[in-house]
Each structure stands twice: as structure tokens, then as C-alpha cells.
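**Q** Can you keep this structure in mind? I'll have questions shortly.
FYI, it's all coordinate maths here, none of it is from the lab. What you see is a predicted model; the values in this text were computed from it and never measured. Neighbour counts are summed over all protein chains in view; Cβ atoms, including those assigned to glycine, are modelled from backbone coordinates with ideal geometry.
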Amino acid sequence: MEKVIIFGNKSTARGIFFCLKYYSDYEVVGFTVDREYLESDSLFQLPVIPFDIIETAFPPDKHKMFIAVGYVQNNKIRKERYFRSKEMGYQLINIISPKSIIHPETTLGDNCFIGHYTIISHGAKIGNNVLFGHGCMIGHDVIIGEHCFFSDGVSVAGSVNIGSCCFLGMHSTIRNKVSIGEECVIGAGAVILENTEDRSVYLGEPATLLPISSNELPLG
């Protein structure tokens, strides 16, 4: 069984730990974080090692790694640690839920996570270091740049091009043939119908309180 180190100690790293524990053939043997974020020397009864000495504690010729950092600073922290771990010589693994559906000819980089019930259609090309939450729908011929983060329930229609370091919030929707610029933030529930510029921010339409009681609605 191949041994893996997880970079991170927050919610993303904990979720990755359980996915590897219950849905993979990898063995997680430890965690690593930047020294200033070292809150404890153990997590889930496994050692947490400062990143500056990880090569000594868990040599890259005997261990693989996954960078389990979320969208902090619009994915820039995960991007920086991705390149640093590669420089150290670590092979970065992909984690794909057995409950997802990925077209066999999908092009997929490394350090990618694909959550439960996510569907990726034919012709999709996904860059390195991309994280998908649960229940995402990625249409045909979609191109996704490196270091992106997709929250749960994101829907992307066919022939969409998404630039690097983008964040897409829960249940956001991208119309077909749209191009999303680099480092964009698409808020939860937002519906994107036109191309976006680099580093643009879109927030979803907030719910509107109607001046009626729920028992007045003709439900059912």
C-alpha cells in the first residue's frame, strides 16, 4: 500500500483524510503544514510535521503527497505549496471518489480531487491542482485551468473555458460556450451568462422575502 502525506490540517485536509481512508488504496501516514500553522503535533493519531523538515521525516522517494488546502487567498496558497512540493520531488496523487462518474478520456492533471456524485462529461480537460466538491456537473469539452476550486453542486455547461485560480461557489452555474477569466470569484448561486474578465467577482442574487405567509402558497 502506497504511503501518502497530506499537506494541511483544516477542514479540507480532514475531508481528504477520510476519503483516502475509506475510498482509496493509499495509506495516510502523516500530515504537514507550515511551521507557523502547527497547532498540534498529531491529527487523527498521526504525526503533523513542519513543512520545512518534511523531506527528512517522510522522504519523497518513499512517500507521495496531496496538497489539501482550500481556496485561501483565491487558491494561491495551494498553488505555492503545489509547486514547492514538486520541487522537493514529491509525486502528487489524484483522489477520485468511486461514487463519481468521469468519462474515460478525460484529461486530468495531478493533485486533483473529485468528490462524490460529481459527473465529468466527454472531452473535458482539467489542469493540475483542481478540487471539485460533491455533486458537480461538468459538461462536454470544458477546459479548466490549474489551481481552481469548485464548491459542491457547481454546474458548468458544455464548451466552457475556465481560467486558472478561479473559485466557484456552491450551486453556481456557467452557461455553455462562456469563457471565465483567471482568478475569478463566482459566488454561491450565481448564474454566469456572458464571458468574464480576469479577477472579476460575481455574487449570486440574494433570496427575496415575499409579503405572504407560506400557508398561502398553492404547494402540492
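**Q** In whole Hz and in residue order, list the ³J(HN,Hα) couplings for the stretch 35-47 that follow from phi through the Karplus curve 6.51 cos²θ - 1.76 cosθ + 1.60, θ = phi - 60°; x for Gly and Pro.
**A** Each residue of the stretch 35-47 in turn: 3, 5, 9, 6, 8, 7, 8, 8, 8, 6, 6, 10, x Hz.
**Q** By the gyration tensor of its Cα atoms, with a ≥ b ≥ c the square roots of the eigenvalues, what is the shape of the stretch 3-93: rounded for a/c under 1.5, prolate for a/b over b/c, or oblate?
**A** Since a/c stays below 1.5, the shape of the stretch 3-93 is classed as rounded.
**Q** How much mean residue ellipticity at 222 nm does the chain get from its helices, if each DSSP H run of length 4 or more adds -39500 (n - 2.57) and you divide by all residues, to the nearest 500 deg cm²/dmol?
**A** Computed ellipticity for the chain at 222 nm equals -4000 deg cm²/dmol.
**Q** In degrees between 0 and 90, to the nearest 10, how far off the longest principal axis of the chain does helix 11-23 point, with axes built from Cα atoms?
**A** Long axis of 11-23 versus the principal axis of the chain: about 80 degrees.
**Q** Using modelled amide H (1.01 Å from N, peptide plane; none on Pro or chain starts), what sits under 5 Å from the amide H of LEU108, excluding residues fewer than 5 places away?
**A** When sequence neighbours closer than 5 places are left aside, the close amide H contacts are ILE126.
**Q** Cross-link partners among aspartates and glutamates for LYS177, C-alpha distance below 20 Å, same-chain residues fewer than 8 apart left out?
**A** Filter leaves ASP141, GLU146, GLU194, GLU197, ASP198.
**Q** Another question, if that's okay. For helix 76-88, what angle does its Cα long axis make with the longest principal axis of the chain, in degrees from 0 to 90 and rounded to 10?
**A** Tilt relative to the chain: about 30 degrees.
**Q** May I pose another question? In terms of modelled amide H atoms, which long-range or inter-chain residues lie less than 5 Å from the amide H of ASN161?
**A** For ASN161, the qualifying residues are ILE143, VAL178, SER179, ILE180.
**Q** Something else: Sort 48-59, 170-181 for me by packing, meaning the mean count of neighbouring Cβ atoms within 10 Å per residue, highest on top.
**A** The most tightly packed comes first, giving 170-181, 48-59.
**Q** Taking N as the number of residues in the chain, what is its Cα Rg relative to 2.2 N^0.38 Å?
**A** For the chain, the normalised Cα radius of gyration is 1.11.
**Q** Which entries in LYS3/LYS99; LYS62/LYS86; LYS21/LYS125; LYS99/LYS125; LYS21/LYS99 show an alpha-carbon gap greater than 25 Å? Could the numbers behind the result be given before it?
**A** Values: LYS3/LYS99 23 Å; LYS62/LYS86 14 Å; LYS21/LYS125 27 Å; LYS99/LYS125 20 Å; LYS21/LYS99 15 Å.
Table pairs above 25 Å Cα-Cα are LYS21/LYS125.
**Q** Each label point is 7 Å from the Cα along the Cα-to-Cβ direction; what then is the distance between the points at LYS76 and GLU36, in nm?
**A** 1.4
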